[in-house]
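Contents: one structure, followed by commentary.
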């Protein structure tokens with residue numbers, strides 16, 4: 001899995017635990033795919049400050065996942081849902097469960 005995809009998943013679950021400033025810089029870098037230089041210019045800060053913040057955020061997000069394991073649990077549930085789709089008797093319950101997966105998950 002690419003690093004940016006992984007961090008975007010982590011942001012979906014734990015982005016709200018970052019400060020508003022960290023959220024903004026991570027959104028620029030991971031969601032909008034801006035370069036460190038572009039972000040530095042937008043925010044009138046040094047490229048090193050942007051790099052430090054993005055690196056620290058990634059470390060924090062990985063720590064949250066190591067403790068809470070929300071992303072891992074989601075991937076396990078998704079695998080079970082895939083198997084359930086093959087069983088017509090489970091279809092109604094599966095749709096109900098899938099709807100609950102869409103609740104929350106957006107830190108913006």
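Only the coordinates and a few stated rules stand behind these numbers; no lab work does. Values in this document were obtained by computation on a predicted structure and should not be read as measured data. Heads up, the Cβs are rebuilt from the backbone with ideal geometry, glycines too, and the neighbour counts pull from every protein chain shown.
Take the Cα of residue 55, step 7 Å toward its Cβ, do the same at residue 4, and the gap between the two points is 2.0 nm. Against the chain, whose longest principal axis comes from its Cα atoms, helix 47-68 is set at around 30 degrees.
What's the long-distance tail for segment 44-87, i.e. % of Cα pairs beyond 17 Å? It would help to have the intermediate numbers written out before the result.
Values: 522 of 946 pairs.
Everything past 17 Å amounts to 55 percent.
I want to make sure I understand the PRE zone here: with the label point 7 angstrom from the Cα of residue 101 toward its beta carbon, which residues in segment 50-81 have backbone N atoms less than 11 Å away? Flagged as within label range: 74-81.
Averaging sequence separations of C-alpha pairs under 8 Å and six or more residues apart, then dividing by the length of segment 1-61, give the relative contact order as a whole percent. That works out to 37 percent.
Of the labelled figures (i) 34, 13, 11; (ii) 28, 15, 12; (iii) 22, 16, 14, only one reflects semi-axes √(5λ) of the Cα gyration tensor in Å as derived from the coordinates, namely (i). For the chain, the mean residue ellipticity at 222 nm estimated from helices alone is -22000 deg cm²/dmol, where every DSSP H run of n ≥ 4 contributes -39500 (n - 2.57) and the total is divided by all residues, rounded to the nearest 500.
Taking the C-alpha atoms only, the angle from helix 91-101 to the longest principal axis of the chain is near 20 degrees.
To the nearest 10 degrees, how steeply does helix 70-84 sit against the main Cα axis of the chain, on a 0 to 90 scale? Compared with the principal axis, the helix lies near 30 degrees.
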